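The values are calculated or read from the model by the stated rules, or taken from the named source; none is laboratory data. Predicted model only: the values in this text are computed from it and were never measured. All Cβ positions, even for glycine, are placed from backbone atoms using ideal geometry, and neighbour counts span all protein chains on display.
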Amino acid sequence: MSGFGPLVDPIVDAGMAMVVGLGNPGAKYNRTRHNIGFDCLNGLLAKMGSPGLQTKFEGQFTKGRFGQRDVCLVWPLTFMNCSGRCVAQFARFYKIETQNILVICDDLSLPLGKLRVRKSGSSGGQKGLNDIIQSLGTQDVPRLRIGIDPTPQHWETTDYVLSKFSTSERAIVDDGLLKAVNAVASWLDHGIDVAMNDYNREMPPPKSKS
């Protein structure tokens, strides 16, 4: 789009947005590391007043208002590695441009609970995000990554991402999820550049006690 000043992101005036949380369907996957995208979307749902969910295009979804934006929340039910099929169908049906889609997913390369907002780029090995990129035909898909820590030694990555967080990890994860919900709200209200600036900053190290 043209006619926007340098501090205004086009997403603000671009109509309906779609926020996609990635995970695997089924009770046994609830609150596992790989399902942190689902968990974030559940937090957004609660903030919207918990509107009812519907099923379409191999996913669960709801539509409503979040701040000043019309938004469609989507939980693909295709299992992680086939998420793109669901997302592409919603994007086509509701005529949502890729810059108005935000994908929330786990990231093995980030420390637990750490956030990274990006406009575009490769999947970084996240297979659900990779399938979405392939299905939409572009890497220019905004994404919010939530750190789950690297795979520990003597673990298989597949087993690790499907494991649940320990009690000691849970507090860090829950704090990260609260920040992630706020990051999505920032993206919806102010655009990707503001969200990146506010949520990609390194936190200063704690001051040593004298």
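List of remarks:
Residues checked against (1) closer than 30 Å to residue 155 by Cα; (2) of a type outside the set (A, V, I, L, M); (3) crowded, with 16+ Cβ neighbours inside 10 Å:
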site	(1), (2), (3)
32	yes, yes, yes
65	no, yes, no
69	no, yes, yes
75	yes, yes, yes
100	no, yes, yes
111	yes, yes, no
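- Unmet requirement for residue 84, which otherwise passes all of (1) assigned to a strand (DSSP E or B); (2) small (Gly, Ala, Ser); (3) buried (at least 18 other Cβ atoms within 10 Å of the Cβ): (1)
- Against the list (1) under 20 Å from residue 17 (Cβ atoms); (2) buried (at least 18 other Cβ atoms within 10 Å of the Cβ), the condition residue 149 fails is (1).
- Exactly one residue out of 143, 170 is of a type in the set (D, E, K, R), in contact with a helix residue (DSSP H, G or I) (Cβ under 9 Å, 6 or more places away or on another chain) and without any contact (Cβ under 8 Å) to a residue 60 or more places away in the chain, and it is 143.
- Meets criteria (surrounded by fewer than 23 Cβ atoms within 10 Å (Cβ to Cβ) and touching a Cys at 6+ places or on another chain (Cβ under 6 Å)) for residue 58: yes
- Sole residue being within 24 Å of residue 63 (Cα to Cα) and in contact with an Asp or Glu (Cβ under 9 Å, 6 or more places away or on another chain), chosen from 148, 192: 192
- Scanning segment 5-30 for residues that are modelled with pLDDT of 95 or more and assigned to a helix (DSSP H, G or I), we see that the one that is surrounded by the fewest Cβ atoms within 10 Å (Cβ to Cβ) is 27.
Conditions (1) of a type in the set (Val, Ile, Thr); (2) touching a residue at least 24 places away in the same chain (Cβ under 8 Å); (3) out of contact with any Pro (no Cβ under 6 Å at 6 or more places or on another chain), marked per residue:
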position: 36; (1), (2), (3): yes, yes, yes
position: 46; (1), (2), (3): no, no, yes
position: 66; (1), (2), (3): no, yes, yes
position: 74; (1), (2), (3): yes, yes, yes
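- For segment 115-149, residues that are of a type outside the set (Asp, Glu), within 17 Å of residue 187 (Cα to Cα) and not in a strand (DSSP E or B) total 4.
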